[in-house]
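The values are calculated or read from the model by the stated rules, or taken from the named source; none is laboratory data. Computed from a predicted structure; not experimentally measured. When we count neighbours, we look across all protein chains shown, and the Cβ atoms used for this are built from the backbone with ideal geometry, even at glycine.
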């Protein structure tokens, strides 16, 4: 018997443009996506750090939560402060299982009152979007409207010159600061723009109706600062920035404290806070924050001390040969020009400067625990 045929890959509204630009297309999160363009991963990565790169991230899930109870309802699913997020601001969030494990990480934005109703705009990971939307609908669909936006594309314009390129087409975007946003007309397209991204650089994420995505992308690529960037460089950029990739660095086996994501849990939701707990797995997550000694493992940054890339699933050992953890993401960082990784280790090995060994093809490669990000973030905070 032959294996059942895989489901046909979905395409984004920019599929024809990618092919026209010479992209190498690969399957990712059920979509055919550009992993790199003819310039190649290294050049694309460095161009984003030095100028501006355009990424198609339309595989990601976009949705709106609508109604007067939307913020309180959404807050019941996550350990973060949703209720007090001001209008016009964005925040990072984490959906948790009833055991306090990470279902997905996401971004949410308070759009204020839209068409007479309080509205949150949410962006979730592509590989998780079907499950996430079903989870949100099942848990809070009685308290607010859950409105998926499959008719919208998502573009990211990232890098120190992103503002120069975008302000030429959309005067006023320069007033935005990191994690704020608003509605803008760009090249005649109806866009919702946030000043945020997944590279560690200043930049923007732009939601646009699918029918207008090609027009918008071509207008952005026509700017002299902007080159198209594939998923390969997106991955190396986010790893240098110390940002988690769902499915690699966080998943339903990790809690936020194990993943070193305590920064994402505001005081109001912690022990002693005005709205402490009240989220799935709260007892476990808050106990791990209050007693870090109870953590079974911890996410850390790692640099290889030899020029050997250390990939995901590589075993980590103490210097006396005991297994102490595993690498979850790793590659040669084009900007730092060193092999960088992140992974999980026993807490006794999590201190900055600790030496460990990665076992690559049976050989011990020395690594050192380093602070993340590996390259400084360049977010524009005003």
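Points to keep in mind about this one:
- Test: residue in segment 49-56 that is in a loop (DSSP other than H, G, I, E, B) and surrounded by fewer than 21 Cβ atoms within 10 Å (Cβ to Cβ): yes
- All of (1) touching a helix residue (DSSP H, G or I) at 6+ places or on another chain (Cβ under 6 Å); (2) under 22 Å from residue 74 (Cβ atoms) hold for residue 199 with one exception: (2).
- The residue pairs whose first member lies in segment 50-73 and is in contact (Cβ under 8 Å) with a residue 12 or more places away in the chain and at positive phi, whose second member is assigned to a strand (DSSP E or B) and surrounded by fewer than 20 Cβ atoms within 10 Å (Cβ to Cβ), and whose beta carbons are closer than 8 Å, counting only pairs six or more residues apart or on different chains, are 67/117; 67/118; 67/145.
- Among the residues of segment 324-337, the ones that are surrounded by fewer than 18 Cβ atoms within 10 Å (Cβ to Cβ) and within 15 Å of residue 298 (Cβ to Cβ) come to 1 in all.
- Qualifying positions in segment 353-374 - assigned to a loop (DSSP other than H, G, I, E, B) and farther than 10 Å from residue 302 by Cα: 361, 362, 373
- Applying the criterion of being surrounded by fewer than 16 Cβ atoms within 10 Å (Cβ to Cβ) and in contact (Cβ under 8 Å) with a residue 24 or more places away in the chain to the residues of segment 360-375, the residue that is farthest from residue 239 (Cα to Cα) is 364.
- Of all residues in segment 276-305 being in contact with a strand residue (DSSP E or B) (Cβ under 6 Å, 6 or more places away or on another chain) and closer than 16 Å to residue 342 by Cα, the one that is surrounded by the fewest Cβ atoms within 10 Å (Cβ to Cβ): 305
- Unique match (being assigned to a loop (DSSP other than H, G, I, E, B) and under 21 Å from the mean Cα position of the chain (by Cα)) among 335, 328: 335
- Entry remark, segment 226-275: residues being surrounded by fewer than 16 Cβ atoms within 10 Å (Cβ to Cβ), touching a helix residue (DSSP H, G or I) at 6+ places or on another chain (Cβ under 9 Å) and not in a loop (DSSP other than H, G, I, E, B) number 1 in total.
- Here residue 269 meets each of (1) under 17 Å from the mean Cα position of the chain (by Cα); (2) in contact (Cβ under 8 Å) with a residue 60 or more places away in the chain with one exception, condition (1).
- Summed over segment 138-167, residues that are surrounded by fewer than 16 Cβ atoms within 10 Å (Cβ to Cβ) and assigned to a helix (DSSP H, G or I) total 2.
- Odd one out for residue 341, checked against (1) over 24 Å from residue 196 (Cα atoms); (2) touching a residue at least 12 places away in the same chain (Cβ under 8 Å): (1)
- Take the conditions (1) under 29 Å from residue 162 (Cα atoms); (2) surrounded by fewer than 22 Cβ atoms within 10 Å (Cβ to Cβ); (3) touching a residue at least 12 places away in the same chain (Cβ under 8 Å); (4) over 19 Å from the mean Cα position of the chain (by Cα); residue 99 misses just one of them, which is (1).
- Just one of the numbered conditions (1) assigned to a loop (DSSP other than H, G, I, E, B); (2) in contact with a strand residue (DSSP E or B) (Cβ under 7 Å, 6 or more places away or on another chain); (3) surrounded by fewer than 20 Cβ atoms within 10 Å (Cβ to Cβ) is not true of residue 26: (1).
- For segment 94-108, residues that are touching a strand residue (DSSP E or B) at 6+ places or on another chain (Cβ under 7 Å) and either more than 14 Å from residue 128 (Cα to Cα) or in a loop (DSSP other than H, G, I, E, B) (or both) total 2.
- Top-ranked residue in segment 276-309 [being in contact with a helix residue (DSSP H, G or I) (Cβ under 9 Å, 6 or more places away or on another chain) and in a loop (DSSP other than H, G, I, E, B); ranked as nearest to residue 334 (Cα to Cα)]: 297
- For segment 338-352, filtering for residues that are surrounded by 19 or more Cβ atoms within 10 Å (Cβ to Cβ) and not in a strand (DSSP E or B) leaves 2.
- Residue match in segment 89-109 (condition: more than 30 Å from residue 288 (Cα to Cα) and at pLDDT 95 or above): no
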